[in-house]
1. In the chain, which helices (runs of 4 or more DSSP H) lie fully inside it and hold 1 or more residues that are at pLDDT 85 or above and surrounded by 10 or more Cβ atoms within 10 Å (Cβ to Cβ)?
2. Given 40, 77, 69, which one is closer than 27 Å to residue 108 by Cα and more than 12 Å from the chain's Cα centre (by Cα)?
């Protein structure tokens with residue numbers, strides 16, 4: 001079977017394979033998650049909560065990329081999300097190490113106490 005035949009077979013079941021959930025549903029969920037993460041990041045002053053809100057925004061972007069990849073029958077969205085998750089895991093380890101280091105210095109995780117680091 002060539003690529004054209006496989007694409008035709010994949011599109012034969014296309015919207016039924018996603019059942020009643022459409023691309024718009026995934027984008028609404030992704031937008032809501034990203035908005036919650038952004039509001040949480042901007043309003044909270046605890047470093048751990050700010051870090052978790054950043055991760056929530058990463059996940060929201062990943063859901064949007066996967067949904068667009070599925071909608072267009074292209075695997076590049078999924079492969080890019082795997083790359084982003086790998087980078088996010090390394091970033092999470094570094095951020096957690098930084099939070100532990102900052103907590104040991106001032107016994108607080110409030111971002112207000114670390115304003116003296118601004119240049």
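1. Details: elements: 3-12, 23-43, 47-71, 76-106.
Hits in the chain: 23-43, 47-71, 76-106.
2. Numbers: 77 fails: closer than 27 Å to residue 108 by Cα; 69 fails: closer than 27 Å to residue 108 by Cα.
Of 40, 77, 69, the one residue that is closer than 27 Å to residue 108 by Cα and more than 12 Å from the chain's Cα centre (by Cα) is 40.
The values are calculated or read from the model by the stated rules, or taken from the named source; none is laboratory data. Fair warning: this is a prediction, and the values are worked out from it, not measured in the lab. Quick reminder, even Gly has a Cβ in these numbers, built from the backbone with ideal geometry, and neighbours come from all protein chains shown.
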